[in-house]
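Beneath this line is the structure, given in structure tokens, with notes to follow.
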Amino acid sequence: MPPAVADLGVGTGPAWLDAWLAAHADDVVGWRRSLHAVPELGRAEHRTTALVAQQLLAAGLEPRTLPGGTGLVCDIGYGDRCVALRADLDALPLQEDTGLPFASTVDGVMHACGHDAHTAVVLGAGLALASAPSLPGRVRLIFQPAEEVQPGGALDMVADGAMEGVQRIFALHCDPRLEVGKLGTRVGPITSACDLLEIRLTSPGGHTARPHLTADLVEALGLLITQLPLLLGRQVDPRSGTVLVWGAVQAGEAANAIPQHGLLRGTLRTADHATWNELEDKVRALVAAVLAPTGVGYVLEHVRGVPPVVNEAASSGMLAGAASAILGPEASVGTEQSSGGEDFAWYLEHVPGAMARLGVWPGHGPMRDIHQPTFDLDERALPFGVRVLAQAALASLTT
């Protein structure tokens, strides 16, 4: 039977890695498809965790599941030097519309961000490394829950000691705008901080014929919607890439009644770590100032999300070097900073490391974006990702 996908880096070594992928590349694809068919939301990844643990146990390794029952850690090799490889396990609350033979069987849930691929790639890299005749240190596999849940399951892993003894950490993230066989790397920030804002407004309400006898809640909502992003933009460095965008607004039903309750929700993003630390105080002061003349009451919930992922230069170089060693210098390409958030940033608060973008576009046809019901990926990216992480781990342990 022919292989499910081609190994683009076949023959580039080391020999034990070539041998492992020759025997198990189809397994990597199979794991991804199995996970894709039965996706699980954040902190409910019980089957996903069990599948990963089963494969590690079958290889004679000793994975440790987190106390919450989802997410696990597993060390490979021996020694004081330790590098970590991280994957995220959770799916998104979206209805899949791909038509794949292994499409989601769970109503309203799908792997629309590539976490099924991330998990299969890290599992493959770990088992491949475990097959090596010897390793110059330890590789720690981190399979975390709840990346899509603010402020992120990475904090669960850190609290459970997953970073103890680790000197460096790597991760890959699927990029549907990058062709398969390419790896996008960047030194410095590659994602942005992302906070959630929720503002609940209250008013005595009243008749629209007599707005002077009450507090006009809808007008107050309008002021917040337009003025808060504008004023905030004048209090932060414009180079920080700070942007506040509203995603939901709710108030009232009748055209002639001033409502008593209103709700405003949005995301606040910034590309700069220092600015992120200042934003909550600035937002609270501005909301108070904007609403003060209106007489409308409010409760502001500012949910701090994740800081930016800031890639360390040496770590980014190791990922880029791995891609170049596999498919030549053209395989490593630069990539831009995204305004999206990623909780991999929490690990980088403790050790240096880097995240790279794994090309999953087949090179023809539409680029199916992440977080959309139609997202899909070219599975040739899976063995390439295994090779990149295995090579980067070795580079870290020998540098």
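May I ask you to give the percent of accessible area on the chain that is carbon plus sulfur, with a probe radius of 1.4 Å?
54
Over every pair of different alpha-carbon atoms in the stretch 12-167, take the mean of 1/r and invert it; report that Kirkwood radius in Å.
In the stretch 12-167 this quantity evaluates to 15.9 Å.
Calculate the dipole size of the stretch 331-399 relative to its Cα centre from +1 charges on Lys and Arg beta carbons and -1 charges on Asp and Glu beta carbons; express the result in debye to the nearest 20.
Computed charge dipole of the stretch 331-399: roughly 260 debye.
Please give the peptides 259-269, 90-100, 293-303, 190-200 ranked by average Cβ packing (other Cβ atoms within 10 Å per residue), highest first, as a rough proxy for protection.
The most tightly packed comes first, giving 190-200, 259-269, 90-100, 293-303.
Which whole-number value in Å² is the accessible area per residue of the stretch 64-122, probe 1.4 Å?
36
Can you check how the C-alpha radius of gyration of the stretch 244-399 compares to 2.2 N^0.38 Å, as a plain ratio?
Here the answer is 1.48, to two decimals.
Given the stretch 127-187 reduced to its alpha-carbon atoms as identical point scatterers, what log10 I(q)/I(0) does the Debye formula return at q = 0.16 Å⁻¹?
One equal scatterer on each Cα of the stretch 127-187 leads to -0.81.
Where the convex hull is taken over the Cα atoms of the stretch 1-87, what is its projected area averaged over directions, in nm²?
Mean projected area of the Cα convex hull: 7.5 nm².
How would you order 305-311, 114-120, 322-328 from highest to lowest mean count of nearby Cβ atoms within 10 Å?
114-120, 305-311, 322-328
Kirkwood Rh over alpha-carbon pairs of the stretch 186-300, then Stokes-Einstein at 20 °C and 1.002 mPa s: what D in µm² s⁻¹, rounded to an integer?
141
Cα-based Rg of the chain per 2.2 N^0.38 Å, rounded to two decimals?
Output field value: 1.10.
State in Å² the accessible area per residue of the stretch 294-399; use a 1.4 Å probe, count heavy atoms of protein chains only, and round to the nearest integer.
36
Is the shape of the stretch 313-399 rounded, prolate or oblate, going by the alpha carbon gyration tensor and its root eigenvalues a ≥ b ≥ c, with a/c under 1.5 for rounded and a/b larger than b/c for prolate?
Oblate is the answer for the stretch 313-399, as a/c is 1.5 or above yet b/c matches or exceeds a/b.
Students often check this: by mean Cβ neighbours within 10 Å, which of 225-236, 76-87 ranks highest, and how do the rest follow?
Sorting 225-236, 76-87 by mean packing, highest first, produces 76-87, 225-236.
If the chain between residue 336 and residue 23 were fully stretched, how many nm would it gain, using 0.36 nm times the residue separation less the Cα-Cα distance?
Answer, rounded to one decimal: 109.1 nm.
Let me make sure I get this right: for the stretch 109-236, a, b and c are the square roots of the gyration tensor eigenvalues over alpha carbons, sorted descending. Under 1.5 in a/c it's rounded, otherwise prolate if a/b > b/c, else oblate. Which is it?
Prolate, because a/c is 1.5 or more and a/b exceeds b/c.
Can you tell me the dipole magnitude for the stretch 9-55 around its Cα centre, using point charges on the Cβ only (Lys, Arg +1; Asp, Glu -1), in Debye to the nearest 20?
I would put it at about 180 debye.
The values are calculated or read from the model by the stated rules, or taken from the named source; none is laboratory data. Everything numeric here is computed off the predicted structure, so don't read it as measured data. Please note: Cβ atoms are built from the backbone with ideal geometry, for glycine as well, and neighbour counts cover all protein chains shown. Each accessible area value is taken on the protein alone, full model and side chains, heavy atoms only, with ligands, DNA and RNA left out. Shrake-Rupley method; radii C 1.70, N 1.55, O 1.52, S 1.80 Å.
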